[in-house]
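Input: a single structure, listed below in structure tokens.
The values are calculated or read from the model by the stated rules, or taken from the named source; none is laboratory data. Note that the structure is a prediction, hence the values are computed from the model and not measured. The accessibility values were calculated without ligands, DNA or RNA, using every heavy atom of the protein model including side chains. Shrake-Rupley method; radii C 1.70, N 1.55, O 1.52, S 1.80 Å.
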Amino acid sequence: MSAATTRSRTPRTPDRLCAEAVELARAAAEEAAAPGVVGEHVSVVAEGDRVVTHFFECKEPGYRGWRWAVTVARASRAKVVTLDETVLLPGPDALLAPEWVPWSERLRPGDLGPGDLLPTDAEDLRLEPGWTGEDAPPPNSVVSEEMAELVEAEDADVTDRVVVPERGSISAVAEELGMRRARVLSRYGLHTAADRWDEAFGAKTPMAQAAPASCVSCGFLVRIGGSLGQAFGVCANEFGPADGRLVSLSYGCGGHSEAAVMPKPPRPAPPVLDSMGADEFPLRPAPDTGSVPLADLPSADLGHS
């Protein structure tokens, strides 16, 4: 092993004149900092040949563990020490700010308030290009320009010079199908949204685990269109926990329309002993219940004296 290699691996010894220039370093630190902020001299480190850094304690509130670092140097064969730089550096136990995170990663659901604008990245994976109008259909297509001109000409003859809206164009078809947008939801964006909704109102939630039935058989479920309609719907039960929310068809709650149907009030059975009714009790016996036939009775009332 050479002497140069041995010398490079051994710790450097601070230059004597630079190490003794503590007051020069303190004056430079006090000039850069506020009065009374520079504390005690902490240590001295050799940065190179005749280059030394002095560390001073920082008493600035909010900078716990930080140190003022003042680097001094001396030219070869010179006896005058000069100032190199003064900086504030964190120490081993310094209080540091958390690692910077871009705003797009710090944003959380619910952070968007009234009047806030949320821009989307041009390469957002949740979106994909929609119909831009640049792709021309083939000439024999029903939405080609040639076919559109023929349709307009026929409509003009029938309607006697009445201006007919443009028909048969690809823009009209796109407008009708709701596709005339710059960007539409991509498959990745669709899946991430479905996973997020299923996590909030899905089959694995405690509410769904304790539900008597799932939303697919609930009368309060409002169906939605598109591919999401195969797995999600909107709850319309004002007393349910997901009223007005997009819920999974496998979600459920205690407000299921068929969970507890109110039975009709039971009709009471007829009483065995009727204590509320009245029996007829005639004051006189019936004429046909006596021992004397009706024909033998006198027709006139004999009366009594």
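Which percent of the accessible heavy-atom area of the range 191-238 goes to carbon and sulfur, probe 1.4 angstrom?
C and S atoms contribute 57 percent here.
Report ³J(HN,Hα) in whole Hz for each residue of the range 41-57, in order, from the Karplus equation J = 6.51 cos²θ - 1.76 cosθ + 1.60 where θ = phi - 60°; Gly and Pro get x.
Coupling constants for the range 41-57: 6, 8, 7, 9, 10, 7, 8, x, 5, 6, 10, 9, 10, 9, 10, 10, 5 Hz.
Mind listing the long-range amide H neighbours of residue 213? Cut-off is under 5 Å, sequence gap 5 or more, other chains count too, H placed in the peptide plane at 1.01 Å from N.
Result for residue 213 returns 253.
Apply the Karplus parameterisation 6.51 cos²θ - 1.76 cosθ + 1.60, with θ equal to phi minus 60°, to every residue of the range 201-217 and state each ³J(HN,Hα) to the nearest whole Hz, in sequence, with x for glycine and proline.
For the range 201-217, the Karplus-derived couplings read 9, x, 6, 8, 6, x, 5, 5, 5, 9, 6, x, 7, 8, 6, 5, 10 Hz, x marking Gly and Pro.
Determine the per residue accessible area of the range 49-123 with all protein chains present and a 1.4 angstrom probe, expressed in square angstrom. Show your work: numbers first, answer last.
Details: 5730 Å² over 75 residues.
About 76 Å² of surface per residue is accessible.
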